[in-house]
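Novice: Pasting a structure below so you can have a look.
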Amino acid sequence: MGWIETEAGGYTVALDGTDVLCRNAAGRQLKQVPPKLRDDVAVVRLRQLAEWLERHERECGEQADTWLVRSLPVPVALLARVWPDAAWQSALRDLVVAPVGADGGADMSRAGFLRDADGEKGAGIVDLDGDSVRLECESVLIPHPVLLEDLDDLREFAVELGVEQKVEQLFREVWRRPAETSGTEWKAYADGRFQQLRHATARAVSLGYRVRGGQALCPLVEDGRALEAAYWLGADYPDAEALTGSLEWRGRDGRRLPLDEVGPVAWSEGERMAALVYAGRVAVDDEDALR
């Protein structure tokens, strides 16, 4: 971005990423913007632009994460439309994608790391053999890592390629449903003690989850069906001590699902939410545990 004249004679400012730079009349770049320029029109506008760029980059990452978590097919035409945007490209580049066929199924054998998206040429990937190819398809799937076979091998290959994913996919921790489960409640993360309920709810919100009715909530989609994972935090006064409860999954109608009916993505993301919140509990030392 070019240098912009300020109202204060001789000073010019510019935006480098999200940092506002300043030069004096001699053309020397200063370590910081002088206090007297804090309210200068050009400086204020650049800072507002920097804030917008930071927010835009965050929103692009959140949207890409939503596509991944919900395993939603994404039109290649849409990817091509947003690809020239640096924030979108940063969020999407090197995500593993797979072509979606006419039947709506993804061909995981043709998956690869996204490197380009063009309205005419299609999606450009580096396939799992290390070759650069184009996918001839209208949509691609950004698969959740729990759906990827040979995940460990993919992670090793990504390291060899120098892949750095801005959106957690390959190195996202996954949880798999045990072979034998029963009932509608998963209690692996129950009895996590927080000194105050507000600590638990604040942790859930800081991790990006909604809190309603005493529960941390994670909206999900599994095989096109809307679901919700809910983890009990407590419904007492915000400053009261809280013990976490069970994790459950519900359908759109609010009906609790039997654990053996919860799909792999919904299970992994629901347990991920509970594990992240539970990790903030008050640690119990051995002496307290024996009392």
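Novice: In whole Hz, what ³J(HN,Hα) sequence does the range 102-110 give by Karplus (6.51, -1.76, 1.60; θ = phi - 60°), x for Gly and Pro?
Specialist: So the J values, rounded to whole Hz, are 5, 7, x, x, 9, 8, 5, 5, 10.
Novice: Whenever you get a sec, line up PHE171, PHE113 from highest to lowest accessible area (probe 1.4 Å, protein heavy atoms). Don't skip to the end; give the middle numbers.
Specialist: Details: PHE171 115, PHE113 0 Å².
Accessible-area ranking of PHE171, PHE113, largest first: PHE171, PHE113.
Novice: While we're on this one: Could you check how much of the accessible area of the range 193-291 is carbon and sulfur, as a whole percent, using a 1.4 Å probe? Show your work: numbers first, answer last.
Specialist: Working: 2460 of 5140 Å².
The computed percentage sits at 48.
Novice: Same structure again: For the chain, what does -39500 (n - 2.57) per DSSP helix run (n ≥ 4), summed and divided by total residues, give at 222 nm, in deg cm²/dmol to the nearest 500? Intermediate results must be reported in sequence, preceding the final value.
Specialist: Values: 7 runs with 83 residues, N = 291.
Computed ellipticity for the chain at 222 nm equals -9000 deg cm²/dmol.
Novice: With every protein chain in place, what's the accessible area of ARG155 (1.4 Å probe, Å², nearest 10)?
Specialist: It works out to around 50 Å².
Novice: Would you mind calculating the relative contact order of the range 102-145 from Cα pairs under 8 angstrom and at least 6 residues apart, reporting the percent as a whole number?
Specialist: Numbers: 46 pairs, mean separation 12.0, N = 44.
Answer for the range 102-145 is 27 percent.
Novice: Could you give the semi-axes, largest first, of the ellipsoid that matches the range 1-144, computed as the square roots of 5 times the alpha carbon gyration tensor eigenvalues and rounded to whole Å?
Specialist: Working: eigenvalues 375, 42, 26 Å².
Values for the range 1-144, descending: 43, 14, 11 Å.
Novice: Rounded to the nearest 10 Å², what accessible area does ARG225 have for a 1.4 Å probe in the complete protein model?
Specialist: Probe radius 1.4 Å; accessible area of ARG225 about 110 Å².
Novice: Counting only protein heavy atoms, what percent of the accessible surface of the range 16-105 is carbon or sulfur at a 1.4 Å probe?
Specialist: Details: 2490 of 5240 Å².
Roughly 48 percent of what the probe reaches on the range 16-105 is carbon or sulfur.
Novice: Let me ask something else. Quick one: compute the contact order of the chain, relative version, from alpha carbon pairs under 8 angstrom and 6+ residues apart, as a percent. Mind dumping the intermediate values first?
Specialist: On the way: 518 pairs, mean separation 39.0, N = 291.
It comes to 13 percent, rounded to a whole number.
Novice: Counting each pair of different Cα atoms once, what's the Kirkwood radius of the range 187-291 in Å, rounded to one decimal?
Specialist: Hydrodynamic radius (Kirkwood, Cα only) of the range 187-291 equals 14.1 Å.
Novice: Measuring with a 1.4 Å probe in the full set of protein chains, what accessible area per residue, in whole Å², belongs to the chain? The partial results should precede the final answer.
Specialist: Values: 16350 Å² over 291 residues.
About 56 Å² of surface per residue is accessible.
Novice: Working from the alpha-carbon coordinates of the range 60-145, get Rg over Rh, Rh being the Kirkwood radius. Provide the component values of the computation, followed by the final result.
Specialist: Details: Rg = 11.5 Å, Rh = 12.5 Å.
A ratio of 0.92.
Novice: Right, something else. Compute the distribution of all C-alpha to C-alpha distances in the chain, in bins of 10 Å from 0, and list the percent of pairs in each, rounded to whole numbers.
Specialist: 6, 22, 23, 21, 17, 9, 2, 0
Novice: Looking at the range 152-231 from every direction and averaging, what is the projected area of its Cα convex hull in nm²? The partial results should precede the final answer.
Specialist: Details: hull surface 32.9 nm².
Averaged projected hull area, Cα only: 8.2 nm².
Novice: For the range 139-234, state which GluC sites (Glu not before Pro) are in a DSSP loop and have at most 16 other beta carbons lying within 10 Å of their beta carbon.
Specialist: Working: sites: GLU149, GLU156, GLU160, GLU164, GLU168, GLU173, GLU180, GLU185, GLU222, GLU228; in loops: GLU149, GLU164, GLU168, GLU173, GLU180, GLU185.
Answer by residue number: GLU149, GLU164, GLU168, GLU173, GLU180, GLU185.
Novice: Averaged over all directions, how much area does the convex hull of the C-alpha atoms of the range 56-214 cover when projected, in nm²? Each step should come with its number before you reach the end.
Specialist: Values: hull surface 49.4 nm².
For the range 56-214, averaging the hull's shadow over all directions gives 12.4 nm².
Novice: Helix 264-278: angle to the longest alpha-carbon principal axis of the chain, degrees 0 to 90, nearest 10?
Specialist: Long axis of 264-278 versus the principal axis of the chain: about 80 degrees.
Novice: Order TYR189, TYR231, most accessible first, counting only protein heavy atoms with a 1.4 angstrom probe.
Specialist: Working: TYR189 30, TYR231 0 Å².
Listed by decreasing accessible area, they come as TYR189, TYR231.
Novice: Let me ask something else. With a Förster radius of 22 Å, plug the Cβ-Cβ distance of ASP118 and HIS56 into 1/(1 + (r/R0)^6) and report the FRET value to the nearest 0.05. Walk me through the numbers on the way to the answer.
Specialist: Values: r = 22 Å, r/R0 = 1.01.
With a Förster radius of 22 Å, E is 0.50.
The values are calculated or read from the model by the stated rules, or taken from the named source; none is laboratory data. Worth saying up front: this structure is predicted, and the values here are computed from it rather than measured. Quick reminder, even Gly has a Cβ in these numbers, built from the backbone with ideal geometry, and neighbours come from all protein chains shown. To get the accessible areas, we keep the full protein, side chains included, count just its heavy atoms, and leave off ligands, DNA and RNA. Shrake-Rupley method; radii C 1.70, N 1.55, O 1.52, S 1.80 Å.
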